[in-house]
């Protein structure tokens, strides 16, 4: 009987210990559940903040892209009366650029000698002074009148080759690189249109117009 009593006491103690352990585990599980709920709440808040941040970032990207497009458009429009002229040797820079271009361009493009070009300003493109034999820098000329600039470009396009004292001269519109790349997409189409004898033109900013 004494042994059985001791056994019962031990069983009671073990059961009490087990109950205490279970209560501790229950308390721990409740705390963990509370923390999980709090963590889920924080995660949801972070996800909402990230979503809001992504939305703001996208809106800012759209605004930045729109502003960049506006700036490019303004810069391209500011250059609409500018012409790049490549091929004149470096030595001619000793002349007054406006006087030189005003006298030479009508002659090599087949325009009337008395045509007033009204060049507002002209200068070499930026770069180091080149030695003889190297590809010369371009002239950049700004015309006061848009129609005069268009007449000059049209004359350059109509002539197969433009030369001055043995130097091949190229005349083209000054544009930003991005807009130049857009217009270059029409190069193959230009060739096909010329072969078929169709009239066409590129209008600002990069619009192809065909006349038939």
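Table: residues versus (1) in contact with a strand residue (DSSP E or B) (Cβ under 7 Å, 6 or more places away or on another chain); (2) modelled with pLDDT of 90 or more.
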position: 84; (1), (2): yes, no
position: 87; (1), (2): yes, no
position: 94; (1), (2): no, no
position: 103; (1), (2): no, no
position: 106; (1), (2): no, yes
position: 114; (1), (2): no, no
position: 124; (1), (2): yes, no
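Being in contact with a helix residue (DSSP H, G or I) (Cβ under 9 Å, 6 or more places away or on another chain), at pLDDT below 80 and at negative phi is the requirement here; does residue 206 meet it? Yes. Filtering the stretch 56-72 for residues that are in contact with a helix residue (DSSP H, G or I) (Cβ under 9 Å, 6 or more places away or on another chain) and either farther than 26 Å from residue 157 by Cβ or surrounded by 10 or more Cβ atoms within 10 Å (Cβ to Cβ) (or both) leaves a non-empty set. If I filter the stretch 167-191 down to residues being over 22 Å from residue 69 (Cβ atoms) and exposed (fewer than 11 other Cβ atoms within 10 Å of the Cβ), which single residue comes out as modelled with the lowest pLDDT? Among those residues, the one meeting the criterion is 187.
The values are calculated or read from the model by the stated rules, or taken from the named source; none is laboratory data. Since the structure is predicted, the reported quantities are computational estimates derived from the model, not experimental observations. Here Cβ is always computed from backbone atoms with ideal geometry, including for glycine, and neighbour counts include all displayed protein chains.
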